[in-house]
Amino acid sequence: MFQDYALFPHLNVAENVAFGLKMSGQSQAFIQQRVKELLNQMDLNGFEKRRVTELSGGEQQRVALARALAPQPRLLMLDEPLGALDRALKEQLMRELRTLLRLSGLPAVYVTHDQREAFNVADRLILLNEGEIIQEGKPAEVYTHPYSAWVAHFLGMTNILPGRVEKTNPLTVKTDMASFRVNQMHMNLKTGSDCTLVLRPESAVITSQPEAENCLQIHVDDVIFHGESYECRGTGLPEKRPLQFVLNVPPKIGEDIWLKIDIDGILVTQ
């Protein structure tokens, strides 16, 4: 299934879905039954005679998926199938596509550069960089334990700080802004080892009583309302490193605030 769907504009919906079946020499009776079954599954009843050029982006996507599923392949490959859609439609179709893939029962390889899309659709992730597998696992495992700073950045974690191990029991890392105690075992790290810390955006709360560890000061550059939370974009002090956190209480733009970082929201990588 291609990014631009590659539907045949001279064929109607039913004829597009039937194309692979005709090429494989299936009987007319089987083709009609299979097309009817797939259009019902894709919620496209009544669209049989419609021209594909008259369909919305979401409808074209469902036709393309039905056409790919029609010959009952052993493996389904999808190349950025939502890449050409706007954000609102993409959000809707991510949910639909996951349901449709589950109903089909087929193993699927789904290629995307959108981490949100991957988390919404996939049962298992494989992260590639320059042709090499960097990390693989269930979505929750990959998000919770990124193997490297590259993985963390790819997953949208922008609070990435270089540091050095002060001590290993408990594991404590010193950065250019603060020291952090880490609730994470890392067998390869020794005192004095260079490492990288990742601070989860949702792990911070504003505090008026900063502690010696796991607290940092930022200058608030911008605050963006997101319904149930506020995205706070700031500059870490004193090194002026860009940082981004999700807070339940909005700070004032232009003020300096202290944030306490939950120990479970601090990850260490190499």
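Taking ASP256, ASP86, ASP176 as the candidate residues, the one with maximal mean-square fluctuation in a Gaussian network model of the chain, Cα springs under 10 Å, is ASP86. Here the Karplus relation 6.51 cos²θ - 1.76 cosθ + 1.60, evaluated at θ = phi - 60°, turns the backbone of region 255-270 into coupling constants of 8, 9, 10, 9, 10, 9, 9, 4, 4, 6, x, 10, 10, 10, 10, 10 Hz, with x for every Gly and Pro.
Here LYS260 is the anchor, and the lysines within straight C-alpha reach of less than 22 Å, apart from those fewer than 8 places off in the same chain, are LYS167, LYS174, LYS240, LYS252. Along its principal axes, region 1-83 has C-alpha extents of 35, 28, 23 angstrom, given from the largest down. The phi torsions of region 112-128, fed into the Karplus equation with coefficients 6.51, -1.76 and 1.60 and a -60° offset, translate into couplings of 7, 9, 9, 5, 5, 4, 4, 5, 6, 9, 7, 8, 8, 10, 10, 9, 10 Hz, rounded to whole numbers, with Gly and Pro shown as x.
Straight-line reach only, C-alpha to C-alpha below 28 angstrom: list the lysines that LYS49 could link to, leaving out same-chain residues fewer than 8 apart. Partners found: LYS22, LYS36, LYS90.
Stretched out straight at 0.36 nm per residue, the stretch from PHE8 to LEU76 would grow longer than its current Cα-Cα span by 22.5 nm. Ordering of 214-221, 23-30, 51-58 by packing is 214-221, 51-58, 23-30, highest average first (other Cβ atoms within 10 Å, averaged per residue). Its Cα gyration tensor gives the chain an equivalent ellipsoid, and the semi-axes of that ellipsoid, as √(5λ) in whole Å with the largest first, are 49, 21, 13. Cβ under 13 Å from LYS174's Cβ, LYS174 left aside: what net charge do those residues give with Lys, Arg +1 and Asp, Glu -1? Net charge around LYS174: -2. Mean projected area of the convex hull spanned by the Cα atoms of region 160-270, taken over all viewing directions: 6.5 nm². Between PHE245, PHE119, PHE47, the GNM of the chain built on Cα springs shorter than 10 angstrom shows PHE47 fluctuating the most.
The residues neighbouring GLN3, those whose beta-carbon lies less than 14 Å from its own, together hold a net charge of -4 under the Lys/Arg +1, Asp/Glu -1 convention. For ILE134, nonlocal amide neighbours, meaning residues 5 or more places apart or on other chains whose placed amide H falls under 5 Å from its own, are LEU127, LEU128, ASN129. Per residue, the convex hull spanned by the alpha carbons of region 94-217 comes to 138 Å³.
All of the numbers you see were taken from the coordinates with simple rules; none came from a lab. Remember, it's a predicted structure, so these values are computed and weren't measured experimentally. Note that each Cβ is placed from the backbone with ideal geometry, even for glycine, and that neighbours are counted across all protein chains shown.
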